[in-house]
Each structure stands twice: as structure tokens, then as C-alpha cells.
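To start, the structure itself, in C-alpha cells.
The values are calculated or read from the model by the stated rules, or taken from the named source; none is laboratory data. Only a predicted model underlies this, so the values are computations on that prediction, with no experimental measurement involved. So basically every Cβ, Gly included, is an ideal-geometry build from the backbone, and we count neighbours across all protein chains shown.
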Amino acid sequence: MKRIMSGMRPTGRLHLGHYFGALTNWLEFQEKYESYFSIVDWHALTTKYQTSQEIKNNIWEIALDWLSVGIDPDKSTLYVQSAIPEIAQLHLLLSMITPQNWVEREPTLKDLVKMLAADEQEAKEKATYGLLGYPVLMTSDILAFRGELVPVGKDQESHLEFARDVARRFNSLYGVSYFPEPQPKFTTTPLLKGLDGQKMGKSASNDIKIADSEEETVKRIRQAITDRTRIAKTDPGHTDLCEVPWPLYLVFAQHIKEQVKLECESAQIGCVDCKARLAGIINEFFRPIRERRKELAKNPDRVRKLLEHGNIKAKMVAQQTLAAVQEIMGLVVWS
Ligand code: TRP
């Protein structure tokens with residue numbers, strides 16, 4: 001069975017973009033691959049070191065999201081990155097063989113720093129040594145489990161390329177074929193836009209969370225941008241210009257899309273009513289998931305035990321990898 005490995009940073013509750021962009025894939029993959037899913041708190045720390053106190057709670061929130069959507073600890077290994085110090089040790093060893101210019105040319109990091117910082121001075125402060133090592137740490141996440149497939153979004157493409165380069169370099173430097181070259185497994189779902197028509201993001205507060213209440217969902221959908229050219233309710237709408245609700249209908253309600261299109265384009269229904277119906281459909285879809293989440297949230301001990309169990313399983317694998325790497329590099333493997 002092939003091994004897959006993926007991770008999410010604990011920076012907040014997950015939204016619909018995570019659900020359709022990542023989690024639905026994970027649900028499918030956990031059935032056919034040996035799956036490792038990590039809550040990567042060190043990665044959160046690379047950018048959130050000033051607000052590091054929030055990370056602990058967000059680990060919990062992500063675990064609840066994963067479990068409630070059906071990521072199954074009997075099928076997959078769910079764990080927290082920082083519970084596996086072997087990943088950090090591997091990061092250190094891999095950093096020795098990674099040329100500095102490989103990390104410096106990572107395009108994603110440059111964009112990230114630009115996004116996080118208001119000016120030149122702040123950019124310097126945000127671009128920490130740890131952040132520079134982001135792709136090496138991600139490589140260590142994957143290689144610690146000798147992951148072959150990595151389900152990620154298109155935005156992670158360059159990091160995966162980086163991981164392959166490091167794996168290849170390790171193998172060729174030491175004349176082994178120990179590490180597989182991890183391949184990305186991109187999602188096919190088109191990126192969901194946030195309620196304002198921009199990219200849906202945890203921090204942009206333009207998202208709908210899996211954990212939102214039904215009332216919140218109705219209220220948030222009501223704010224969604226529709227067809228900007230439709231001024232009056234009596235104007236015919238255009239689904240192809242409808243920025244947020246129509247793409248969501250395509251995700252949640254394929255079976256009524258013809259009807260919705262007809263009603264919109266013949267002005268039988270206004271955007272307000274159309275969005276109210278959509279919110280109802282979304283709420284119905286997430287109802288069982290939200291109910292499971294509420295139940296789980298009442299039982300923190302159980303969630304903690306599940307993660308602890310996953311941590312132990314993950315640690316066993318990462319320990320083996322680390323020992324093998326030390327052996328291959330000719331280091332002393334202390335028992
Ligand atoms: N960089 C990924 C992101 O921001 C998170 C991540 C960290 C990851 N380690 C990973 C994803 C290992 C896949 C595999 O989304």
C-alpha cells in the first residue's frame with residue numbers, strides 16, 4: 001500500500017475551502033492508502049510566533065474538524081508534529097545537505113513575507129531563520145514517513161518540488177535509494193471564492209467555517225457577492241457572472257442547478273431568496289458533521305486520547321526513519 005502524508009497548520013477553524021479542497025480527498029485516500037495526517041504546529045509557528053499562545057487551541061479545533069468530517073483514526077494516523085521530535089532532528093540533518101540558495105529561491109516564501117508585512121522593516125522581521133527553513137521542515141514531515149503521495153493544493157507545488165530535490169540529493173550523496181521522491185496529488189475541485197469574491201481564507205474572515213452555526217451560515221451567505229450587474233430584483237441575473245452563490249450551488253446542489261439557473265436568468269427569483277435557499281442546502285449538508293463536532297467537543301479526553309494514540313504510531317515510524325538516516329549518513333546511532 002502506498003503511503004500518503006499531508007498536513008495542515010493549526011491557525012484556525014477549517015472552512016468550506018478546506019473541506020472541498022482537501023478533506024474530501026483525504027476521506028477517499030484513507031480508504032486506499034496508508035495515511036499520515038499531521039497538525040503541523042511548528043509550521044504555524046514560522047509565521048505566528050508573536051501569537052503563539054493561540055496555536056494550542058487551534059490544534060484542538062483542527063482535530064475536531066478532521067474527526068467530525070470523518071477522518072478516521074482507525075484508518076489514518078492523526079498526529080501533532082511537535083509530538084514527534086524526530087521530525088525536527090530530520091530537519092536538522094536535511095538542512096546540512098540543502099544548499100542555501102534552494103531555500104532562498106522558494107517563491108512561496110517571498111510572497112508570504114510580502115503578504116504578512118506592511119513595510120520593508122516588518123518584512124525583515126517576519127523573514128525569520130525558521131521561516132526560511134519552511135520547505136526543509138515540510139520535506140522532513142513528508143520524508144520522516146517516506147511519504148510517496150502528498151495531497152495538497154496547487155499553491156504547494158514548489159514545496160513538493162523542493163522535497164523531491166532534497167530526497168534525490170540525499171539518495172545520490174549517500175548512494176542509496178532510501179527516500180522515495182514524493183509526488184503531489186492535487187485536488188480537482190476548483191478553488192472556492194470567499195464571500196467577498198476574493199480567495200477564501202481563514203484570516204480574511206470571508207469564509208464559512210465547517211463549525212459555524214446554522215444562523216451564522218445564513219447570515220454569512222446573505223453577505224455573499226452575487227452578480228454585480230444585477231441591480232433590481234426584476235433584472236434577469238447571470239449565473240456566469242454570479243461570483244459566490246452559483247459556484248457554491250455547483251458544489252452543493254448539482255441536482256437543482258438547471259432549475260436555479262432558469263429561475264435566476266428569468267428573474268423569477270431574487271438574489272436574497274436564492275442565497276437563503278443556498279444557506280439552507282449548506283446547513284443541511286453540514287448538519288450531521290456539525291452535530292458530531294458538538295458531541296466530540298464535549299469529550300476533550302477522548303479527542304486527546306485519539307491524538308496521543310496517533311502520536312505514538314507516528315513516532316514509531318519516524319524513529320525508524322531517523323535511525324536509518326543516521327546510519328546512512330555514517331553518524332552514531334545511540335540506543
Ligand atoms: N505547507 C502546507 C500548507 O501550508 C502545510 C504542510 C506542512 C504540509 N507540512 C506538510 C502539507 C507536509 C503536506 C505535507 O498548506
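Taking region 155-189 as the range and being touching a Gly at 6+ places or on another chain (Cβ under 9 Å) and part of a loop (DSSP other than H, G, I, E, B) as the test, the residues that pass are Pro180, Pro182, Thr187, Thr189. Do we have any residue at all in region 141-164 that's loosely packed, with under 15 Cβ neighbours inside 10 Å, more than 16 Å from the ligand (Cβ to nearest atom) and not hydroxyl-bearing (Ser, Thr, Tyr)? No, region 141-164 has no match at all. Scanning region 1-11 for residues that are surrounded by 20 or more Cβ atoms within 10 Å (Cβ to Cβ) and among the basic types (Lys, Arg) turns up at least one hit. Those helices (runs of 4 or more DSSP H) of region 1-107 in which at least 1 residues are under 22 Å from Val325 (Cα atoms), considering only elements entirely within it, cover 41-48, 85-97, 100-104. For Glu86, the conditions (1) within 16 Å of the ligand (Cβ to nearest atom); (2) without any contact (Cβ under 8 Å) to a residue 12 or more places away in the chain are fulfilled apart from (2). Residues that are under 23 Å from Asp155 (Cα atoms) and free of Cβ contacts under 8 Å to residues at least 12 places away in the same chain within region 166-198 comprise Thr188, Gln198, listed in sequence order.
Results for (1) at pLDDT 95 or above; (2) surrounded by fewer than 19 Cβ atoms within 10 Å (Cβ to Cβ); (3) closer than 23 Å to Leu64 by Cβ; (4) of a type outside the set (A, V, I, L, M, F, W, C), shown as yes or no for each residue.
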site: Leu192; (1), (2), (3), (4): no, no, yes, no
site: Gln198; (1), (2), (3), (4): no, yes, no, yes
site: Ala204; (1), (2), (3), (4): no, yes, yes, no
site: Ile210; (1), (2), (3), (4): yes, no, yes, no
site: Ser213; (1), (2), (3), (4): yes, yes, yes, yes
site: Glu216; (1), (2), (3), (4): yes, yes, yes, yes
site: Arg228; (1), (2), (3), (4): no, yes, no, yes
site: Ala232; (1), (2), (3), (4): no, yes, no, no
site: Asp235; (1), (2), (3), (4): no, yes, no, yes
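Scanning region 1-12 for residues that are at pLDDT below 95 and within 11 Å of the ligand (Cβ to nearest atom) turns up just one, Thr11.
Looking at region 13-38 only, could you name the residues that are in contact (Cβ under 8 Å) with a residue 60 or more places away in the chain and within 13 Å of the ligand (Cβ to nearest atom)? Of everything in region 13-38, those that are in contact (Cβ under 8 Å) with a residue 60 or more places away in the chain and within 13 Å of the ligand (Cβ to nearest atom) turn out to be Leu14, Gly17, His18, Gly21, Ala22, Asn25, Trp26, Phe29, Tyr36, Ser38.
There is no residue in region 115-124 that is within 16 Å of the ligand (Cβ to nearest atom), in contact (Cβ under 8 Å) with a residue 24 or more places away in the chain and buried (at least 18 other Cβ atoms within 10 Å of the Cβ). Looking at Asp41, is it among the charged types (D, E, K, R), surrounded by 22 or more Cβ atoms within 10 Å (Cβ to Cβ), within 23 Å of Ile142 (Cβ to Cβ) and in contact with a Pro (Cβ under 9 Å, 6 or more places away or on another chain)? It is true that Asp41 is among the charged types (D, E, K, R), surrounded by 22 or more Cβ atoms within 10 Å (Cβ to Cβ), within 23 Å of Ile142 (Cβ to Cβ) and in contact with a Pro (Cβ under 9 Å, 6 or more places away or on another chain).
Of all residues in region 246-258, those that are under 11 Å from Ile281 (Cα atoms) have Cβ atoms under 7 Å from Cβ atoms of residues that are modelled with pLDDT of 95 or more and β-branched (Val, Ile, Thr), 6 or more apart or on another chain, in Tyr249/Val260; Phe252/Ile281; Phe252/Ile282; Ala253/Ile281.
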